[in-house]
Amino acid sequence: SNVLFARQRFKKGCRRILFIDDRLPRRDLGSGFPRALEFIKSLDQVGCFVTHYPLQFPHELWEEARKFLPETVEIAANRGVFGLQDFLEERQNFYHAIIVSRPHNMVVVNSIVSCHPEWFSGKMLVYDAEAMFSLREIVQAEVNGKPFSPEKSDLLIHEELAITKYANRIITVSQAEADHFVRYGKENVFVLGHALDIVEKTPGFQERAGYLFVGAMPSDSSPNADSLIWFLRHVWPIISAQGSAHLDIIGLCEAPAVLGFASDRVRIHGRVDSVSAFYASARLFIVPTRFAAGIPHKAHEAAAQGLPMVVTPLIASQLGWQDEIAVGDSAISFAKACLALYNDSALWTAKRLSALQAVERDCNRQRFQQTVESILAEQD
């Protein structure tokens, strides 16, 4: 009966954490998984024993998982949604805290808490919102020309916030989203953004060429695919008419409409082992996102790699940046912003330096670590 404890020597005071998410946090998937990976690494670094439970996509290759997760992290694979209740029953006296990422996963956990509250007694139950999906739905409806009524928008937000009823603590990715939780009466709300290191001595303006887009596109309706379809249909023709620049597209791409744009100048690479070479060779990064929630990791990552960018007003507001980026709110203004930044060395250099400073400020790894520790701290 003590095999679970006997198989590993836990240091005195070691906190045991169960981390529940859709799947193992591969960086190339985007959608909050790079942040989840940093979260898990931080837990590991502060001496926690972490079990990762992939709830929606439970079947993972061991060799693949070990390429990015620390070897000290346990993986509760091959169980999924239907095995979670038995797993929690078996380990009801094992974990100090349970962290649940994304609303649909919290719904699954809530159903178990309501039936077996004694399993969670004395445990810290943390809801990591990752992003407020109701806000994305509201913006998506506006983009599609079918805006929700104020009553329906408010209901969607209320329904999403209601899933935190059993949570002791709530984590959001930005202060703007944290304010939503506080406004609706929630307490113990923390902001945990991204953790990134600045890449030193990257190539300059003259050594670069072309545009770059990074993001997974599993379908035409996904936020990344929608943004790229809009860009390729309405913005890229304006840019192409002014020169012979090319666009590199990196990330899982199963969106038929996006695949249809492939050409000598629109190069779709799919998943790659490392995006670093593309960050180092492109002159301009584009984030034409029209609906999304949270904070775009790809924008922070590109900035950390010394790559200036043009974004939509939505992304600018999520980042909280102004002078650090160029913004376009229509096809014409987006294209003009791209051409101006792509062809002006002084402007390009100024934006690059400003963005690097912003990443150093907003994605500070030490502050990220301190926030993780404060989330796990015992309340007075």
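The values are calculated or read from the model by the stated rules, or taken from the named source; none is laboratory data. Small disclaimer: the values here were computed from a predicted structure and weren't measured. Note: ideal-geometry Cβ built from the backbone for every residue, glycine included; neighbour counts use all protein chains shown. Heavy atoms of the whole protein, side chains included, go into the accessibility calculation; ligands, DNA and RNA do not. Shrake-Rupley method; radii C 1.70, N 1.55, O 1.52, S 1.80 Å.
For a straight C-alpha distance cut-off of 30 angstrom, the lysines reachable from Lys351 (same-chain residues fewer than eight places away being disregarded) are Lys201, Lys298, Lys336.
Ligands, DNA and RNA left out, the accessible area of region 295-348 computed with a 1.4 Å probe is 53% carbon and sulfur. From the alpha carbon centroid of region 35-97 to that of region 349-373 is 28 Å.
If the convex hull of the alpha-carbon atoms of region 191-281 is projected onto planes in all directions, what is the mean projected area in square nanometres?
Numbers: hull surface 30.7 nm².
Computed as one quarter of the Cα hull surface, the answer is 7.7 nm².
Between Asn188 and Glu74, the distance separating the two model label sites (each 7 Å from Cα on the Cα→Cβ line) works out to 2.3 nm.
Between Glu159 and Glu200, the simple spin-label model (points 7 angstrom out along Cα→Cβ) gives 5.1 nm.
Treating r as the C-beta distance of Ser354 and Asn168 and R0 as 41 Å, the FRET efficiency rounds to 0.60. Accessible surface of His96, taken over heavy atoms with a 1.4 Å probe and every protein chain present, rounds to 80 Å². Modelled this way, with points 7 Å down the Cα-to-C-beta line, the labels at Ser121 and Val272 are 5.5 nm from one another. Net charge dipole, the chain: roughly 540 debye, given to the nearest 20, about the Cα centre with Cβ charges of +1 for Lys and Arg and -1 for Asp and Glu. Which one, (1) 21.1; (2) 22.0; (3) 22.9, gives Kirkwood radius over Cα pairs in Å as derived from the coordinates shown? Among (1) 21.1; (2) 22.0; (3) 22.9, the one calculated here is (2). If R0 is 25 Å, the Cβ-Cβ spacing of Cys14 and Arg361 corresponds to a FRET efficiency of close to 0.15. Think of the chain as having a plus end and a minus end, set by charges on the Cβ of Lys, Arg, Asp and Glu; of Ile332, Pro34, Ala282, Ala282 sits farthest toward the positive end of this dipole. Here region 71-159 has 52 percent of its accessible surface on carbon and sulfur atoms, given a 1.4 Å probe and all protein chains in place.
Length available on full extension from Arg7 to Phe57: 0.36 nm per residue minus the Cα-Cα distance, which gives 15.3 nm.
With every protein chain present, what is the per residue accessible area of the chain (1.4 Å probe, Å²)?
Numbers: 17520 Å² over 380 residues.
Per-residue value: 46 Å².
Is the shape of region 144-251 best called rounded, prolate or oblate, per the rule: a/c under 1.5 gives rounded, else a/b larger than b/c gives prolate, else oblate, with a ≥ b ≥ c the square roots of the Cα gyration tensor eigenvalues? Oblate shape, in that a/c is at least 1.5 and b/c is the bigger or equal ratio. For region 187-272, the share of accessible area belonging to carbon and sulfur comes to 49 percent (1.4 Å probe, ligands and nucleic acids excluded). Lys67 exposes around 150 Å² of accessible area when a 1.4 Å probe is run over every protein chain in place.
One decimal place: the segment Ala377-Gln242 gains 43.0 nm when fully extended, by the rule 0.36 nm per residue minus the C-alpha distance. Of all lysines in the structure, those lying under 26 Å Cα to Cα from Lys12, and not within fewer than 8 positions of it along the same chain, are Lys41, Lys123.
Against the chain, whose longest principal axis is taken from its Cα atoms, helix 33-45 shows a tilt of about 50°.
Could you give the length gained on full extension between Arg91 and Ser149, defined as 0.36 nm per residue of separation minus the Cα-Cα distance, in nm? Each step should come with its number before you reach the end.
On the way: separation 58, 0.36 × 58 = 20.88 nm, distance 4.48 nm.
Here the answer is 16.4 nm.
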